[in-house]
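Notes follow the structure.
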Amino acid sequence: MKNSNKIRIVPLGGMREVGKNLTVIEYRDDLILVDCGMTFPGDEMPGIDIVIPDISYLVKNKHKIRGMVITHGHEDHIGAIPYVLKKINIPVYGTKLTLGLIQNKLKEHRLLGTAKLKTVSHGQKVRLGKLEVEWIRVNHSIPDSSCLAIKTPLGTIVHSGDFKVDFTPISGKPIDLNRLGEIGSRGVLCYMGESTNVLRPGYTMSESRVGETFDRIFSQTRRSRIIIATFASNVHRIQQIINAAEKFNRKVVLSGRSMLNVMSTAQRLGYLQVKPNTMIDIRDMNKYNPHQLVLITTGSQGEPMSALTRISNDEHRQIKLRQDDVVILSAHPIPGNENAVSSVINNLIERNVNVIYESLSEIHVSGHACQEELKMMLSILQPKYFVPCHGEIRHLKKHAEIAKKMGINKDNVFVLENGDCLEISQSEARMGKKVPSGQVLVDGLGVGDVGSVVLKDRKHLSEDGLISVVVAIDKEKKKIVSGPDIISRGFVYVKESGNLMSGAKKVVLKKVQDSLNGRNIQFNQIKSDIRDELRGYLFSKTKRNPMILPIIMEVKENS
């Protein structure tokens, strides 16, 4: 296969994981990026804020990049854009609300003045080198979501983005199946289809069902304050909460920075319809009776610093729970967040409030296609090659299995992992050489400066605690001037462990004195000896293995 006559599909994120979506489509010297998302850290990443894709391959090939094309405005598709634009200043194309949310992120990173943002509308085509991208309307849990048809010299690649088939959407029009059918009838070279909900049979319910549930709950709780936690970016859900609030004469209060940012952007761009005086500032809610209020907050995933988590722990400065409050979690836990969500629910129930969540009522529907909708898309497009994306390995393999049952040749279905390179020519598709991929950890202002060694230390500290040993030594006199002082952090409570600390001090004192009696005094060797000796002592007494940090100071003892 000649290098000049093939298309390369290279996922740098979103394969065998949920989030961090980023795919490279490359033909000759033209390269485009589809989405650029982030994901949240797992339990094995203490202290990390977010995780973004490794873009070393993009930096190496930045002269080829013609632009970044975005399917929709969720964090797992746009969250890494500021970090990429700091290294590669390329144009970003997306629909109006999508770019509005991207602008918020760029403003935080002080990139708004330098970024090249290009607004497109559904049905519009943009030429990027030898590639042409068309945005096609789909339904999802955020307005302005798109499927992408990428026309190449060898054929059309369709990337589904995140989608569902909703014939009664809250706003806008249903998914443009007619246009997708036209593209399918002309031939699709490769289809990249999202797999998030592939394990669920049937069809995804319409978002309008949630509005009916809200109306029922609001009508039954006329004497209670209502607090609803949902994704800040789920504009359709927020619209339905506002509709119910206006119907039952309640004022709406927002809590959570991301909620305020998204609401402000969506309202400014015309994606939220709110009557005058419906919204009130959180500082003014005490002017109203509790039953006149509905609070919309972040925290549906149990995030530690979110508004709902702080409310459930009685740590929110302005919102204090009342026993007759009704709290609604209008979201489904993302894989990995189940324990955090359960903890929040338990905290709320312990405070004697009425908690309503998905397993108790229809207060959430997914924004992702279930099996029958995924089959519908495969049937409409009838691609030659199929690549399942956006999901863990169980999702990708299940989607691949469905595609094979739908008649796609098993040799034409590729389950990829991040860094794989699928090369497609006019006659065949095969795996090429892998490219660098992985994850970059963001901790505060640090991007990529926290690696496996630092994470290992953090994990060690979080599990076993720290013991610091401070000794002052006169090297010339081979004498301990002061110490050893032993400090415990997260290991044992010193006041209740006097015998243990006293024994540890004796162990260190003897070891240091033995080292000083030697011919060649090396501080690094003394530190190593302290660690080994103290580790053995502490483990024998406690069966624990804390991190041991010896600190040796060289001083001159006064004569």
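We did not get these values from a lab; they are worked out from the coordinates using the rules stated. Predicted, not measured: the structure shown is a model, and the values here were computed from it. Using ideal geometry, Cβ is built from the backbone for each residue, glycine included, and neighbour counts are taken over all protein chains shown.
Counting only other residues whose beta carbon sits under 14 Å from that of ILE402, what net charge do I get with K and R as +1, D and E as -1? Counting the neighbours of ILE402, the net charge comes to +4. Proximity of backbone amide H atoms, modeled 1.01 Å from N, is registered between ILE356 and VAL327, ILE328, LEU329 at under 5 Å, excluding neighbours fewer than 5 places apart on the same chain. Coupling constants for segment 300-317 follow from the phi torsions by the Karplus curve (6.51 cos²θ - 1.76 cosθ + 1.60, θ = phi - 60°), and in residue order they are 5, 9, x, 4, x, 9, 6, 4, 5, 4, 5, 5, 5, 9, 6, 10, 7, 5 Hz; glycine and proline get x.
Applying 1/(1 + (r/R0)^6) with r as the Cβ-Cβ distance of GLN220 and LYS505 and R0 = 51 angstrom yields a FRET efficiency of 0.20. The convex hull of the Cα atoms of segment 227-279, projected and averaged over all directions, covers 3.3 nm². Using Cα pairs under 8 angstrom and six or more residues apart, how large is the relative contact order of segment 92-209, in percent? It comes to 19 percent, rounded to a whole number. Determine which lysines satisfy two conditions relative to LYS375: a Cα distance under 19 Å, and not lying fewer than 8 residues away in the same chain. Hits, sequence-local ones excluded: LYS164, LYS384, LYS397, LYS398, LYS404, LYS405, LYS410. The three principal axes of the C-alpha atoms in the chain carry coordinate ranges of 92, 72, 47 Å, sorted with the longest axis first. Annotation: the residues MET431, MET285, MET376, sorted from fewest to most other C-beta atoms within 10 Å of their own C-beta, follow the order MET431, MET376, MET285. Dipole size of the chain about its Cα centre, with +1 on Lys/Arg Cβ and -1 on Asp/Glu Cβ: approximately 880 debye, rounded to the nearest 20.
Which FRET efficiency value, to the nearest 0.05, do you get for ARG268 and ILE393 by plugging their Cβ-Cβ distance into 1/(1 + (r/R0)^6) with R0 = 35 Å? The pair ARG268/ILE393 has a calculated efficiency of 0.30. Placing a label point 7 Å from the Cα of ASN409 along the Cα-to-Cβ direction, the residues of segment 170-209 whose backbone N falls under 16 Å of that point are 188-191. List the GluC sites (Glu not before Pro) in segment 42-121 that DSSP assigns to loop (not H, G, I, E or B) and whose Cβ has at most 13 other Cβ atoms within 10 Å. Which are they? Qualifying residues, ordered by number: GLU44.
For the chain, DSSP calls about 55 percent of its internal beta bridges antiparallel.
Check the straight Cα-Cα distances from LYS64 and name the aspartates and glutamates below 18 Å, setting aside those fewer than 8 residues away within the same chain. Partners within reach: GLU26, ASP29, ASP30, ASP35, ASP54, GLU132, GLU423. Taking a sphere under 12 Å around the Cβ of GLY256 and counting the other residues whose Cβ falls inside, with K and R at +1 and D and E at -1, yields a net charge of +1.
Taking only the alpha carbons of segment 208-356, we obtain Rg and Dmax values of 14.2, 41 Å in that order. Proximity of backbone amide H atoms, modeled 1.01 Å from N, is registered between LEU128 and VAL133 at under 5 Å, excluding neighbours fewer than 5 places apart on the same chain. Remark: spin-label model distance SER497-LYS86 equals 3.8 nm, labels positioned 7 Å along the Cα→Cβ axis. FRET efficiency for the pair GLN103 and ILE487, taken as 1/(1 + (r/R0)^6) with r the Cβ-Cβ distance and R0 = 56 Å, rounds to 0.70. The string of couplings for segment 124-133 from the Karplus curve (6.51, -1.76, 1.60, θ = phi - 60°) is 7, 10, 10, 8, 10, x, 8, 10, 10, 10 Hz, one whole number per residue in order, with x for Gly and Pro.
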